[in-house]
Amino acid sequence: MELKITKIGNSLGVILPRELLTRLKLEKGDTIFITETPDGYRLSPYDPAFAEQMHTARELMKKRRNVVHELSK
């Protein structure tokens, strides 16, 4: 998919086609994240830093299952 950079007010931007917005499940006002990869850049509606924090939290909760169970009472 080829996108062109266009002037939007005093800034430059890219208009995302409706098809791409639908695929990414994005709507006006949503946030997207751009991550640099070895192959270029990745556009995603998911925050990779938050995903890493959630992974760490899940591992901790699994390791401390009894503590989490007691706290949930």
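For region 33-48, a tally of residues being of a type outside the set (Phe, Trp, Tyr) and either in contact with a Phe, Trp or Tyr (Cβ under 6 Å, 6 or more places away or on another chain) or surrounded by 10 or more Cβ atoms within 10 Å (Cβ to Cβ) (or both) returns 8. Scanning region 49-73 for residues that are surrounded by fewer than 12 Cβ atoms within 10 Å (Cβ to Cβ) and in a loop (DSSP other than H, G, I, E, B) yields 72, 73. Total residues in region 1-32 satisfying the condition of being of a type in the set (Asp, Glu) and surrounded by 10 or more Cβ atoms within 10 Å (Cβ to Cβ): the figure is 1. Do we find that residue 46 is part of a loop (DSSP other than H, G, I, E, B) and among the aromatic types (Phe, Trp, Tyr) in this structure? Yes; evaluated as a whole, the condition is true for this residue. Residues of region 38-73 that are in contact (Cβ under 8 Å) with a residue 12 or more places away in the chain and among the acidic types (Asp, Glu): 47 alone. Within the set 38, 17, the sole residue that is within 19 Å of residue 2 (Cα to Cα) and modelled with pLDDT of 90 or more turns out to be 17.
The values are calculated or read from the model by the stated rules, or taken from the named source; none is laboratory data. Please read all numbers here as calculations on a predicted model, not as lab measurements. Virtual Cβ from ideal backbone geometry, glycine too; neighbours counted across all protein chains shown.
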